[in-house]
Amino acid sequence: MYVQFTHDSPLLDRAVSAVPDVSLDIEKLDASPTIPLRIIFRAHGVPFEEFEAGLEHDATVAEFNILADDQQQRLYCVVAAETIPCVELYSRSIELQGVIVDATRNASGWTMGMLFPDRDAFGSFRRACEAADLTVSVESIHSGQVDWSNDDADLTPAQREILSRAVEVGYFDIPRETTLRGLGDEVGVSGQAASERLRRGMETLVRDTLSDQLGDEQ
């Protein structure tokens, strides 16, 4: 079951408020026994110095590093503070077999696209968010089994290629085995192009595969 929703986690609030026009594309979230939550994301077309000053004073950020800089965008690695609710909620999503397919952050908040085994799993995750005082607003729920290789889906050859490679190289694994840039390298495009191609492909696949259930919302 694919669910698209928004939530109001405070993670990166101070950094985003420092540059209200910033848009963050989340490439990877993971954790380890020593790192409670790590977020890899790409920021686009903003005064990066102002954004980084916001990161330095953001109480939800324990530390950050710049991983790549290609003028129009920068790739950041942020280690989240242990005390924020997202740390526990990320672990809870894994326990419920949730998979983060897509995530963005801007001045309006977080938008997430996730796969869950069923409604009960998502319901448990949603209740965990509400218990942590986070408001979850569901935009759409597409029930059923998504077939990533569905020959009837109206995918372009490029979209089919990147979806197949994403599965093969572990982009959808928990934790992810590669980044959008790494996925782009697999198919010979930039990380940004890979992101756009992957999103269009996933939207097409969901709409074509679950066309009879697109009105099924919670």
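Listing for the model above:
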quantity	calculated
Members of the stretch 1-46 found to be among the acidic types (Asp, Glu), over 15 Å from Thr60 (Cβ atoms) and within 16 Å of the chain's Cα centre (by Cα), listed by number	Asp25, Glu27, Asp30
Residue within the stretch 50-69 that is crowded, with 18+ Cβ neighbours inside 10 Å, under 23 Å from Tyr171 (Cα atoms), aromatic (Phe, Trp, Tyr) and touching a residue at least 24 places away in the same chain (Cβ under 8 Å) present	no
Where a residue in the stretch 188-214 is surrounded by 15 or more Cβ atoms within 10 Å (Cβ to Cβ) and in a helix (DSSP H, G or I) and its partner, wherever it lies, is modelled with pLDDT under 80 and of a type in the set (Phe, Trp, Tyr), with Cβ under 8 Å and at least six apart	Leu205/Trp148
Within the stretch 15-40, tally of residues that are of a type in the set (A, V, I, L, M, F, W, C) and part of a loop (DSSP other than H, G, I, E, B)	5
Residues of the stretch 57-89 satisfying the condition of being more than 21 Å from Cys129 (Cβ to Cβ) and β-branched (Val, Ile, Thr)	Ile66, Val79
Selection from the stretch 70-82 of residues that are within 17 Å of Thr34 (Cα to Cα) and surrounded by 13 or more Cβ atoms within 10 Å (Cβ to Cβ)	Cys77, Val78, Val79, Ala80, Ala81
Selected residue (only one of Leu134, Leu96, Leu67 is at pLDDT 90 or above, in the same structural domain as Val22 (by TED's automatic domain parsing) and touching a Cys at 6+ places or on another chain (Cβ under 6 Å))	Leu67
Conditions (1) touching a Ser or Thr at 6+ places or on another chain (Cβ under 6 Å); (2) crowded, with 19+ Cβ neighbours inside 10 Å; (3) within 20 Å of Ala132 (Cβ to Cβ): number failed by Gly98	(1)
Filter result (farther than 25 Å from Thr178 by Cβ and crowded, with 19+ Cβ neighbours inside 10 Å) within the stretch 16-35	Val16, Ala18, Val19
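The values are calculated or read from the model by the stated rules, or taken from the named source; none is laboratory data. These figures come from a predicted structure and were not determined experimentally. Every residue, glycine as well, gets a Cβ built from its backbone with ideal geometry; the counts of neighbours run over all protein chains shown.
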